[in-house]
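To start, the structure under review is shown below, and the notes come after it.
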Amino acid sequence: MQRSPDHADWSEQPGETALLAALLEAMAELWFVIDAEGLHQRANHAEHPLLPLPHADLRGRPLGHGLPDALAQRWLAARQRALASGAVQRLEDSCDGSDGGHHVVETSVAALGAGQVLFLLRDVTAERAHQRQLCDRQAAEIANRAKSEFLSRVSHEMRTPLNAVIGFTQLLRLAPEGAGPAQVGEFTDHVLRASQQLLALVNDLLDLQRVEEDRLALDGRPLVLQEIVDAVFELMRPLAGQHGVVLRNEIAAGAMVLADAQRTRQVLLSIVSNAIRYNRPGGWVRVALREPDGDKLVLGVEDTGTGLTPDQVGRLFQPFERLGRESTTSEGSGLGLVVARRLSLAMGGELGLEARPGGAGTLVRIALPRAPAALETDEVTAAAAASAPAALRMLYVEDNRINAILFEEAMRLHGSIELKVAEDGAEALSVARAWPPQVLVLDANLPDMNGYDVLARLRALPDLADVPAYMCSADAHDDDLQRARDAGFAGYWTKPIDIARVMVDLQALRPAAAVPPRPAP
């Protein structure tokens, strides 16, 4: 075929070979040719930071000479693929160069024919650094926007109960002297509910932060599920009564999991409270075992509420997501389910939800590691042996009289607590010598010594070496909780105290408590 003068072969034009050679030599990218025997041949640069020697010194040496083994193997494999397929092979490698710097290099490998292969290297270190800076900047902007939105929603969720606390407190102060007990009681109930909602929000936020930062201290031990569910239902009965919902514990006796008792109760409280609040009058909430999942037991929390659509399920585990109920009278911050799922994961389990739209209710599955069979037998036997009730003598060391009065009234509700209060460490030691308690409750900060010193001195008294002790303090940082655990405290009740939580802990403690002998008068 005859070519027209306008499409003459470039290489046939006078001087074009020299021009092409000059262009190749002037390229910013390094290129070199490997011959059919795998040896270095032509190149355009005398040296390059990625290569261990100037290319003139590499001529005749095998591909990969002087390079790190991993990089040499990648180049050899790319050469073989290029020869076999004829397609250009592209690599990106990060390694130290002969100049002492760290380089990111993009390599293209192409077959030239007759067994020869072209390697084209482009140093993209600055380009990748710039891309990382852009990505980091975008990530920081996204994080700042998310943080601002999160703080805005936290502010909104806090202001709602604070409005009730401050507003009804002002009304109580401004109420005429003739205001009756019924109105005072109604306003007080509003303040109490709003305060509890605010405290629950603070606790959920702290738990969410601990889980996300992997700072959550968990005490995994065998737990009897039936007892855990009974304790949760006991706390939820007043709420269930308000909503006309029946609670059913259908967990078989002897079923046990290996988990943290407090966090397991917290997960179930969150799920069961939602199942009650969003149920229908005359409905029920049932907790029963489902089909096991490998080495996990699966609890099913089932209700007869309105159910959820697939879209709602997709949004359910987002922080502060209440599925349009923000403007209703249903309490909650939208954090409970988020925290419950992350707590379940932290304990080695899972939490999922099955949507049943159209008024068919909801099923939440909570999978937790199964306790070993030997532990199950031992724990059930021990629980049966300790089933007889026993009275508790409690010593509470607290220098704030208002806090002491509150605690005294709470223990009076318990009905089987004999309580004595000491205002400082010296008085606590004096009381304990004459009246050995079964349970110790200590404030962290006292006038003459701290709660840890008081505990150490009480432990040295006869019959008090193993008495359960609880810290009751407003110090609620993770370090405070860990310090209390390390000091031998059985639990930590943060102020403002959750009376229901205290009752549950004492109820679990009472069967195991042995009454110390009273000293002779």
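Odds and ends about this structure:
- Whole-number D in µm²/s for region 144-261 (Stokes-Einstein; Kirkwood sum over Cα pairs; 10 °C, 1.306 mPa s): 87 µm²/s
- J(HN,Hα) series, region 180-187, from Karplus relation 6.51 cos²θ - 1.76 cosθ + 1.60, nearest Hz, glycine and proline x: x, x, 5, 5, 4, x, 5, 5
- Sites HIS243 and ILE142 - FRET efficiency at Förster radius 51 Å, r taken between beta-carbons, to 0.05: 0.80
- Calculated FRET efficiency for the pair LEU345/GLN482, C-beta based, R₀ 22 Å, to 0.05: 0.55
- Around the amide H of MET449, modelled in the peptide plane, lie the amide H atoms of GLY425, all under 5 Å away and 5 or more residues distant in sequence or on another chain.
- The label point for ALA84 and the one for ALA426, both projected 7 Å from the Cα toward the Cβ, are 8.8 nm apart.
- Region 102-242, dipole about Cα centre (Lys/Arg Cβ +1, Asp/Glu Cβ -1), debye to the nearest 20: 440 debye
- For a label point 7 Å along the Cα-to-beta-carbon line of ARG159, residues of region 186-207 with backbone N under 19 Å: 194-195, 197-199, 201-202
- Close amide H contacts of ARG42 (hydrogens built in the peptide plane, cut-off under 5 Å, sequence separation of 5 or more or a different chain): VAL33.
- Both numbers refer to the Cα atoms of region 65-207; Rg and Dmax are 33.8, 108 Å.
- Among the protein heavy atoms of region 397-478, carbon and sulfur supply 50% of the accessible surface, probe 1.4 Å, non-protein parts ignored.
- Selection from LEU464, ALA474, ALA490, by position along the positive dipole direction of region 428-515 (Cβ): LEU464
- Per-residue extension of 0.36 nm, minus the Cα-Cα distance of GLU250 and LEU206, leaves a gain of 12.6 nm for this segment.
- Accessible-area composition of region 175-220, carbon plus sulfur, in percent [1.4 Å probe]: 54 percent
- Looking at region 185-278, the accessible area is 46 square angstrom per residue; that uses a 1.4 Å probe and ignores ligands, DNA and RNA.
- In the context of the full set of protein chains, residues of region 91-151 present 62 Å² of accessible surface per residue (probe radius 1.4 Å, heavy atoms only).
- Net lengthening on full extension, ALA22/SER152 (0.36 nm per residue, minus Cα-Cα): 40.5 nm
- Over 17 Å [Cα-Cα, region 100-142], rounded percent: 54 percent
The values are calculated or read from the model by the stated rules, or taken from the named source; none is laboratory data. The structure presented is a predicted model; accordingly, all values stated were derived computationally and were not measured. So basically every Cβ, Gly included, is an ideal-geometry build from the backbone, and we count neighbours across all protein chains shown. Keep in mind that these areas ignore ligands, DNA and RNA; they rest on the heavy atoms of the full protein, side chains included. Shrake-Rupley method; radii C 1.70, N 1.55, O 1.52, S 1.80 Å.
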